[in-house]
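Trainee: Just dropping this structure here.
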Ligand code: HPA
């Protein structure tokens, strides 16, 4: 069996043949947010099914395409759709695209998701910057033999790696400032990750609130762990698609969860298109 690093190199080389420019930034679009990929200029679109070793998403609303091009002049690689552990994928598969994007040279990752709101100060449709996470999925994507060759950036690729600033305070500050400039408040919150696919019980949500969580979802943390293993700087954004179980006196409706992304698309697009050129400039890369 080919090892993970060789598989990731094969995928990266395939993508580089179609889009030779180094993407400075990678963006993962969560549930209901896939339409943002239309903002990529001069787009090269590659279905995941064509990329060697790439996992295919099975959930409706995750169309499964890699969109490469430019946003505000910055070369970007946008993942329209992701796979989740609850679909039955191994964490090596869930995080494979992040490894490939890292090998392509992305030094920053914006990871987005749909989340349930545990913090009652959030309303449905709120966009929240993730300040930290609690991984309650029961595993960790970095389990297995350490592969130092994934550490292309300084101080990365180590067996044990720091997660103190997994969600970059600097990137978050830029995002908060840009939202304020656009006339709205980008709140911050702690994201707790569960395996899913069932939504939580009200008792679980009360317990998560006690643990210090503001948002709950079924993705993101493993991608962030692998990004940090590679030294990639991360900005995490959650869309509160629903209040978490038991917060309101009503069941959670998956169709509604998928609809919210469309409702806040203008605000989400406004923030990201203004922010991405600022992120690119920070490093002067
Ligand atoms: N729980 C878990 N994941 C989610 C939720 C939720 O309430 N909403 C969107 N993704």
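Trainee: State yes or no: is residue 200 within 25 Å of residue 120 (Cβ to Cβ) and in a loop (DSSP other than H, G, I, E, B)? Reasoning before the result, please.
Mentor: Details: within 25 Å of residue 120 (Cβ to Cβ): yes; in a loop (DSSP other than H, G, I, E, B): yes.
Against the criterion (within 25 Å of residue 120 (Cβ to Cβ) and in a loop (DSSP other than H, G, I, E, B)), residue 200 qualifies.
Trainee: Has segment 87-101 got at least one residue that is surrounded by fewer than 22 Cβ atoms within 10 Å (Cβ to Cβ), more than 19 Å from residue 273 (Cβ to Cβ), within 16 Å of the ligand (Cβ to nearest atom) and modelled with pLDDT under 95?
Mentor: There is at least one residue in segment 87-101 that is surrounded by fewer than 22 Cβ atoms within 10 Å (Cβ to Cβ), more than 19 Å from residue 273 (Cβ to Cβ), within 16 Å of the ligand (Cβ to nearest atom) and modelled with pLDDT under 95.
Trainee: Would you mind telling me which numbered condition in (1) in contact (Cβ under 8 Å) with a residue 60 or more places away in the chain; (2) part of a loop (DSSP other than H, G, I, E, B); (3) within 16 Å of the ligand (Cβ to nearest atom) residue 138 fails?
Mentor: Here residue 138 clears every test but (1).
Trainee: Now, a different point. Scan segment 206-222 for residues that are within 14 Å of the ligand (Cβ to nearest atom) and over 21 Å from residue 236 (Cα atoms) and jot them down.
Mentor: Of everything in segment 206-222, those that are within 14 Å of the ligand (Cβ to nearest atom) and over 21 Å from residue 236 (Cα atoms) turn out to be 206, 207.
Trainee: Which one is nearest to residue 142 (Cα to Cα), of the residues in segment 228-270 that are part of a strand (DSSP E or B) and either within 12 Å of the ligand (Cβ to nearest atom) or without any contact (Cβ under 8 Å) to a residue 40 or more places away in the chain (or both)? Show your work before the answer.
Mentor: At the first step, the residues of segment 228-270 found to be part of a strand (DSSP E or B) are 233-243.
Of the ones still in play, those that are also either within 12 Å of the ligand (Cβ to nearest atom) or without any contact (Cβ under 8 Å) to a residue 40 or more places away in the chain (or both) are 238-243.
Numbers: 238: 23, 239: 26, 240: 28, 241: 29, 242: 30, 243: 31 Å.
For segment 228-270, the residue satisfying everything is 238.
Trainee: Oh, and also: Looking at segment 178-189, is at least one residue within 16 Å of the ligand (Cβ to nearest atom), under 21 Å from the mean Cα position of the chain (by Cα) and crowded, with 20+ Cβ neighbours inside 10 Å?
Mentor: Yes, that holds for at least one residue.
Trainee: Among the numbered criteria (1) in a loop (DSSP other than H, G, I, E, B); (2) within 18 Å of the chain's Cα centre (by Cα), which single criterion is violated by residue 28?
Mentor: Failed condition: (1).
Trainee: Which one of these is touching a strand residue (DSSP E or B) at 6+ places or on another chain (Cβ under 9 Å) and surrounded by 20 or more Cβ atoms within 10 Å (Cβ to Cβ): 127, 74?
Mentor: Criteria check complete, one pass: 127.
Trainee: Follow-up. Working carefully through the options 280, 236, 212, 231, find the one that is modelled with pLDDT of 95 or more and more than 19 Å from residue 115 (Cβ to Cβ). Steps first, please.
Mentor: Details: 280 fails: modelled with pLDDT of 95 or more; 236 fails: more than 19 Å from residue 115 (Cβ to Cβ); 212 fails: more than 19 Å from residue 115 (Cβ to Cβ).
Testing whether each residue is modelled with pLDDT of 95 or more and more than 19 Å from residue 115 (Cβ to Cβ) leaves just 231.
The values are calculated or read from the model by the stated rules, or taken from the named source; none is laboratory data. Predicted, not measured: the structure shown is a model, and the values here were computed from it. Note that each Cβ is placed from the backbone with ideal geometry, even for glycine, and that neighbours are counted across all protein chains shown.
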